[in-house]
Amino acid sequence: YLMDREKIPDVPAVYFVRPTMENIRKISKDCENGLYESFYINFTNPVSRPVLEEFARLTVQSQSSSYISRIFDQYLNFVCIEENLFSFQQPNFFTDLHDNSKSNDEIETLLDELTNSIISVLVTLGTVPVIRCSRVDEISKVVAGRVEKVLRILREQRNGPLSDSVIGRIQNFQRPVLILFERSCDLTSCLKHPRTYQALCDDILGINLSKVKCDVDGKTQKYDLDTSHDQFWEKHRFDDIPTAAEMNEKSVQQWKQDSKTMQVNPEAHANAALLDSDVTNRLTTAMNMVPELQERKNVIDMHTNLLTSTFEQMKNRKYNEYFELEDIISQRQLSSQERDKLIELLRNPDCGTAIDKTRLILLYCDSLDPVRVQEELRFIEKVVGDQPAINLQPVKQWVSMRNYKTASTLKSGKESSRSILAMAESVGKKVASGVKTLIGGEGNETPLTQIVNMLLENTNAGAATESEIHPYFDPKLGQSGNQPPQNRRKEPFRDAIVVAIGGCNYAEWQSLSKFAKRPNSSGQTRNIIYGGTSVVRPDIILSDLTQLYKKQNPEQPKTTH
């Protein structure tokens, strides 16, 4: 859109843009130049009054307002990556949110954009959910209040996108729960080395909007990972990597067997008339099978290349060593022998990349109490001193953020072990060990999955302590804000929309998807939609923490004598 375009005055133009001042000025310039016959403006989310007034002023001033045919609010300020997985495409949200140098106006703009994106998802789904969050998570609580306020306005608007006349009267038992979760409540799920196919592809190769690249015979190949067209990916992306490789080999064998049915062997037929008839039938069948077999071959080749590239990286980076240590760290404190093994791994230059080691160090430090962590961090700094590529700044930043959050929770005077944050920390230590253990597998959910399970079951909805721990907002009730226990729904929820503020990841997505397929206390499966401000990988998280550390600890200029 930023490119210069040729004037085509006899055709209408459809614009699909964000409602920003920059964009409306560009559109106004197009109107002034009469680039098109008429303009249909589609905004990704509702345009604010100041932006709309500026748009009107500019077009009236240039006497080009007659070119504007219609303006639409489309409520599409998000990207659907695959079924039930979405992203708001706000990659800098985590750093901007925790950057102390940001002004109040900048933070307000950031939260407004997040609120608009959440509303876009809800309008697209045509639902007005109950909203839950954590008491100790102030960001989620603020966003929950903003979302509730906008939902009330949209419900009261005549023929509004969420009015009863448009979406119908949704019965209480059909309503979903919107769960808001701030990323800093659990960072470890983003940093553990995963074991499953999709999560490993993202961790090692990097998935961007369902597209991935890998090297094949010295050339870079680009692939689309589409669950709607790729049955293998849809069925096996949550499998551990050995199982996915085994199923891919079975697909290869099945393809070879099906290919043989296309072969014609004239010598096997003695009767010429029968031969002609049989050959004709077989050729017809073969011609019909060729496109399907070729498509299957392309899919098999793609997954063979992806699995091969992933296996090679896992072997070269010695993922098994990290799996073992991370499993132990998730369950309990390391013994002296296990700690020695961790130190030996950090010292070994051939055991993983610098990012792998930084991830492990952060996970280890996160498992320690605030007093011991500083002592261990100083020791680790000496251990890796001869490896300048290992960056400890993100570890220091996270330790600082964690200590601050813990202090704030304790200062509130409430029992921190009852909060979502404390729950996330305790649940994170229950990950089962073993080479075949999956991140987010059955009986081994991520902290977020445990939280979603608790809020869906809704077992303590009427308790006074529950009112304090997990605020409850309901845009359909008369009073706004956190609802008292007597006003809350008591029945379990079946549907959930989970938003990770600060970034979602494939490990949590897998965990939630597997959890949704298991029957709840009523014997029903659940429907969970998951997304966040962006899809984050370990290297992105570490980069974000590094940026925050540098902003909060600027280097002092060296003095010369």
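The values are calculated or read from the model by the stated rules, or taken from the named source; none is laboratory data. All values reported here derive from a predicted model rather than from experimental measurement. Don't worry about glycine lacking a Cβ; one is built from the backbone with ideal geometry, like all the others, and counts go over all protein chains shown. The area values use the complete protein model at the heavy-atom level, side chains included, leaving out ligands, DNA and RNA. Shrake-Rupley method; radii C 1.70, N 1.55, O 1.52, S 1.80 Å.
Points worth noting:
- Residue list for the range 482-518, filter: in contact (Cβ under 8 Å) with a residue 24 or more places away in the chain and part of a loop (DSSP other than H, G, I, E, B): Arg488, Arg489, Lys490, Glu491, Pro492, Phe493, Arg494, Gly502, Gly503, Asn505, Arg518
- Among (1) of a type in the set (D, E, K, R); (2) free of Cβ contacts under 8 Å to residues at least 60 places away in the same chain; (3) assigned to a helix (DSSP H, G or I); (4) open to solvent by 50 Å² or more (accessible area, probe 1.4 Å) - the single one Glu324 does not satisfy: (2)
- Candidates Lys213, Lys250: the one that is without any contact (Cβ under 8 Å) to a residue 60 or more places away in the chain and either assigned to a strand (DSSP E or B) or surrounded by 14 or more Cβ atoms within 10 Å (Cβ to Cβ) (or both) is Lys213.
- Residue satisfying all of: in the range 2-21; in a strand (DSSP E or B) and of a type in the set (A, V, I, L, M, F, W, C); surrounded by the most Cβ atoms within 10 Å (Cβ to Cβ) among these: Ala13
- Residue within the range 534-549 that is out of contact with any Pro (no Cβ under 6 Å at 6 or more places or on another chain), part of a loop (DSSP other than H, G, I, E, B), more than 25 Å from Leu97 (Cα to Cα) and of a type in the set (Lys, Arg) present: no
- Tally, over the range 25-55, of residues that are open to solvent by less than 20 Å² (accessible area, probe 1.4 Å) and in contact with an Asp or Glu (Cβ under 6 Å, 6 or more places away or on another chain): 1
- Matching option when the condition is at pLDDT below 50, open to solvent by less than 20 Å² (accessible area, probe 1.4 Å) and out of contact with any Leu (no Cβ under 9 Å at 6 or more places or on another chain), among Leu421, Leu455, Leu438, Leu410: Leu421
- Across the range 340-361, not a single residue is classified as aliphatic (A, V, I, L, M), more than 27 Å from Ser400 (Cα to Cα), within 30 Å of the chain's Cα centre (by Cα) and surrounded by fewer than 19 Cβ atoms within 10 Å (Cβ to Cβ).
- Of all the listed residues (Ser426, Ser433), the sole one being outside any loop (DSSP other than H, G, I, E, B), open to solvent by 10 Å² or more (accessible area, probe 1.4 Å) and at pLDDT below 60 is Ser426.
- Checked against (1) modelled with pLDDT of 90 or more; (2) hydrophobic (A, V, I, L, M, F, W, C); (3) open to solvent by 10 Å² or more (accessible area, probe 1.4 Å), Cys365 meets all criteria but (3).
- Of all residues in the range 292-321, those that are closer than 20 Å to Leu346 by Cβ have Cβ atoms under 7 Å from Cβ atoms of residues that are of a type in the set (Ser, Thr, Tyr) and outside any helix (DSSP H, G or I), 6 or more apart or on another chain, in Arg317/Thr353.
- Counting only strands (runs of 3 or more DSSP E) that sit wholly inside the range 56-165, those with at least 3 residues that are touching a strand residue (DSSP E or B) at 6+ places or on another chain (Cβ under 7 Å) and open to solvent by less than 60 Å² (accessible area, probe 1.4 Å) are 85-87, 130-132.
- Checking each residue in the range 216-247 for being open to solvent by 50 Å² or more (accessible area, probe 1.4 Å), over 24 Å from Glu292 (Cβ atoms) and assigned to a helix (DSSP H, G or I) picks out only Pro242.
- Cross-chain or 6+ apart pairs with Cβ under 9 Å, the range 41-64 first and within 10 Å of Pro19 (Cα to Cα) and touching a residue at least 60 places away in the same chain (Cβ under 8 Å), then open to solvent by 70 Å² or more (accessible area, probe 1.4 Å) and aromatic (Phe, Trp, Tyr): Thr44/Phe16
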